[in-house]
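Working notes for the structure below.
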Amino acid sequence: MIDFSRFEIVTFDCYGTLINWEAGILPALHRILTAHAKTADDATLLKLYGDFEQCAEHAPFQPYREVLGSVVRQLVDHFKFTPTPDQVRSLAEWLPTWTPWPDTAAALRRLKSRYRLAIISNTDDDLFAGTRPHLGVDFDEVITAQQAQAYKPSLKIFELALGRIKTPAHRVLHVGQSIYHDVIPAQALGLATVWVNRPSARPGVGAVKAAEAHPDLTVKSLEELAEVATKD
């Protein structure tokens, strides 16, 4: 068990960890496919999303809004049809409407009573600004890929975060739903990690690249983390 008394700040991935992004991604992609008489099951779509997003983020840096557009373009190339301009923009336009997991807001408030909280997210500042009101707490810092000009799992965004929060790595706990994007790079910089293994149509992986690591703690929900992290 982690000694939670050593931590000053808890940093979070946002989309997938705090926001139920599969509940946003899957309907959006199904709408596009259905409009062109194409079908795919949820697990297949999540794998394609993860592969296409990784490809777009490994290119020279582009805003996350453009990454999401690239995901749609790669998807339609895969299924061999031509999207409308509205369909290419649809993921980015709908992202700020995606809602938190049911336990997110209460768990964040509970954690906020004991720790500083920060976001480290592969997103643009304006997209996160649309999400922020859904989360129900004030974050002490928000670090985005746009600010770092790099996407997780690049260490650059974590290094920017450590510089901004001004806390030694061993006093930071990083929480994420993605082993690939969050646990592996955070551990590389000496941060303790919690893997939130959220329910998924692609269990244990979700809409990201599959990877293996050994987080310091695995939980099924943010509520479970808040319970153990705030015990007296």
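The values are calculated or read from the model by the stated rules, or taken from the named source; none is laboratory data. No experiment lies behind these values; they were computed from the predicted model shown. Ideal geometry is used to build each Cβ from the backbone, glycine not excepted, and the neighbour counts take in all protein chains shown. With ligands, DNA and RNA removed, areas are computed over all heavy atoms of the protein, side chains included. Shrake-Rupley method; radii C 1.70, N 1.55, O 1.52, S 1.80 Å.
Projected label points at A129 and Q62, each 7 Å from Cα along the beta carbon direction, are separated by 2.3 nanometres. With the contact rule set at Cα under 8 Å and sequence spacing of 6 or more, what percent relative contact order holds for the stretch 1-158? Relative contact order, the stretch 1-158: 28 percent.
Electrostatic tally near F79: other residues with Cβ closer than 12 Å to its Cβ, Lys and Arg +1, Asp and Glu -1, net +2.
Rg then Dmax, both in Å and based on the Cα atoms of the stretch 1-142: 17.0, 55. Lysine pair count for the chain with Cα-Cα distance under 28 Å and sequence separation of 8 or more or different chains is 22.
Largest first, how would D42, D182, D103 line up by accessible area (1.4 Å probe)?
Correct descending sequence by accessible area is D42, D103, D182.
Modelled spin labels at R6 and K209, positioned 7 Å past Cα toward Cβ, are 2.9 nm from each other. Can you tell me how the stretch 96-232 classifies by the Cα gyration tensor, rounded, prolate or oblate, using a/c under 1.5 as the rounded cut? Verdict is rounded for the stretch 96-232.
Surface exposure of the stretch 6-119, expressed per residue as accessible area with a 1.4 Å probe, stands at 43 Å². First compute the accessible area of the stretch 106-212 with a 1.4 Å probe, then give the percent of it belonging to carbon and sulfur atoms. Ligands and nucleic acids excluded, carbon and sulfur reach 52 percent. Is the shape of the stretch 36-120 best called rounded, prolate or oblate, per the rule: a/c under 1.5 gives rounded, else a/b larger than b/c gives prolate, else oblate, with a ≥ b ≥ c the square roots of the Cα gyration tensor eigenvalues? Prolate, because a/c is 1.5 or more and a/b exceeds b/c. Taking the DSSP beta bridges with both ends in the chain, the antiparallel portion is around 5 percent. Within 10 Å of each candidate Cβ there may be at most 13 other Cβ atoms; applying that plus a DSSP loop requirement, which trypsin sites (Lys or Arg not before Pro) in the stretch 175-232 survive? Here the trypsin sites (Lys or Arg not before Pro) that fit, given the DSSP loop and packing criteria, are K220, K231.
Charges at C-beta only: +1 for Lys and Arg, -1 for Asp and Glu. How large is the resulting dipole of the stretch 127-232 about its Cα centre, in Debye rounded to 20?
In total the dipole reaches around 340 debye.
Other residues lying with their Cβ under 10 Å from the Cβ of L191 contribute a combined charge of -1, Lys and Arg counting +1, Asp and Glu -1. The angle between the Cα long axis of helix 85-94 and the main principal axis of the chain comes to about 20°, on a 0 to 90 degree scale. For the chain, the longest principal axis of the alpha carbon atoms and the long axis of helix 64-79 meet at an angle near 40°. Extending 7 Å from Cα along the Cβ direction at K231 and again at Q147 yields two label points whose distance is 3.3 nm.
Does anything in the stretch 195-213 have its amide N under 19 Å from the 7 Å Cα→Cβ label point of K220, and if so which residues? Zone members listed by number: 195-206. Once a ≥ b ≥ c are taken as the square roots of the eigenvalues of the Cα gyration tensor of the stretch 150-220, is the result rounded (a/c under 1.5), prolate (a/b larger than b/c) or oblate (a/b not larger than b/c)? Because a/c hits 1.5 or more and a/b exceeds b/c, the stretch 150-220 counts as prolate. Compute the long axis of helix 42-58 from its Cα atoms, compare it with the longest principal axis of the Cα atoms of the chain, and write down the angle in degrees, 0 to 90, nearest 10. Between the helix axis and the principal axis of the chain, the angle is about 80 degrees. In whole Å, what is the distance between the alpha-carbon centres of the stretch 18-41 and the stretch 89-167? After rounding, the separation between the Cα centres reads 23 Å. Neighbours of R171 by Cβ distance under 9 Å: Lys/Arg scored +1, Asp/Glu scored -1, total 0.
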